[in-house]
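A short write-up of the structure that comes next.
The values are calculated or read from the model by the stated rules, or taken from the named source; none is laboratory data. All of these numbers come straight from a predicted model, not from anything done at the bench. Here the Cβ positions follow ideal geometry from the backbone for every residue, glycine too, while neighbour counts run over all protein chains shown. Quick note on the areas: whole protein, heavy atoms, side chains included, nothing else; ligands and nucleic acids left out. Shrake-Rupley method; radii C 1.70, N 1.55, O 1.52, S 1.80 Å.
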Amino acid sequence: MITSAPTQVGLQILLQPYSNRLGEVACAVVGTLYPAYASFKAIEYMRVHGDTDESSRWLMYWAIFGMWNVAEKILSKIGIVRWMPYYSPLKLAFLLWLQLPRFGGAYRLTSQFVRPFLHLYYPYIDQAVAWVCESFWVPEVAYIFDALQDVLIKVPGIEWFLRMPDGSFPPPSAPRSRIR
């Protein structure tokens, strides 16, 4: 297979042992920045045209990407990621495989592994999430949230983030919505 000189040079730079930082930047751009932009476009396309295929594709990507990030954090804490040769280029290839419609990686992983696993454990996961939400939202935590909100409302610029979609502020000790 014949490739262009810039492609060969780019691959050589990416595969150099000292280019770990370059690989991390490339993975951040390819893994997060472009998919965020593509997701926005898919949502806008769905809003205008009513087509959900593209937004479904990106939702599957984000689900797999989130799971990958959790696994990567765990593996890096125990030192496995650091010992893997060519980790950044391999991760970059994996992220592209997930994204590109030609390969359908996110769809394949979702339909063959994630969906069957989650269908099997939905009740248990939902029960655990509900328990955590109910256990976390105790009066002491509500008081801390209220006090923090009272302070942050007075900070110019930050108060915008605290507003609800209608522009009002949430009432004190508002119970957090349950995830379903």
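Ligands, DNA and RNA left out, the accessible area of the stretch 49-135 computed with a 1.4 Å probe is 68% carbon and sulfur.
Among Phe65, Trp83, Ser39, whose Cα sits farthest toward the positive end of the charge dipole of the stretch 36-180 (+1 at Cβ of Lys/Arg, -1 at Cβ of Asp/Glu, about the Cα centre)? Checking the options against the dipole of the stretch 36-180, the answer is Trp83. For the stretch 18-144, the solvent-accessible area with a 1.4 angstrom probe is 71 square angstrom per residue. Accessible surface for Tyr107 stands near 130 Å², nearest 10, in the context of the full protein assembly shown (1.4 Å probe). Of the listed residues Glu159, Glu54, the order by accessible area with a 1.4 Å probe, largest first, is Glu54, Glu159.
Rolled with a 1.4 Å probe across the full set of protein chains, the surface gives Asp51 an accessible area near 50 Å². Using only side-chain charges placed at the Cβ, +1 for Lys and Arg and -1 for Asp and Glu, the dipole size of the stretch 100-180 relative to its Cα centre rounds to 600 debye. Heavy-atom accessible area with a 1.4 Å probe sorts Tyr45, Tyr87, largest first, into Tyr45, Tyr87. On full extension, the segment bounded by Val81 and His119 gains 10.7 nm, given 0.36 nm per residue less the C-alpha separation. Projected onto planes of every orientation and averaged, the convex hull of the alpha-carbon atoms in the stretch 34-74 covers 2.7 nm².
In the stretch 62-164, inverting the average of 1/r over every pair of distinct C-alpha atoms gives 17.9 Å as the Kirkwood radius.
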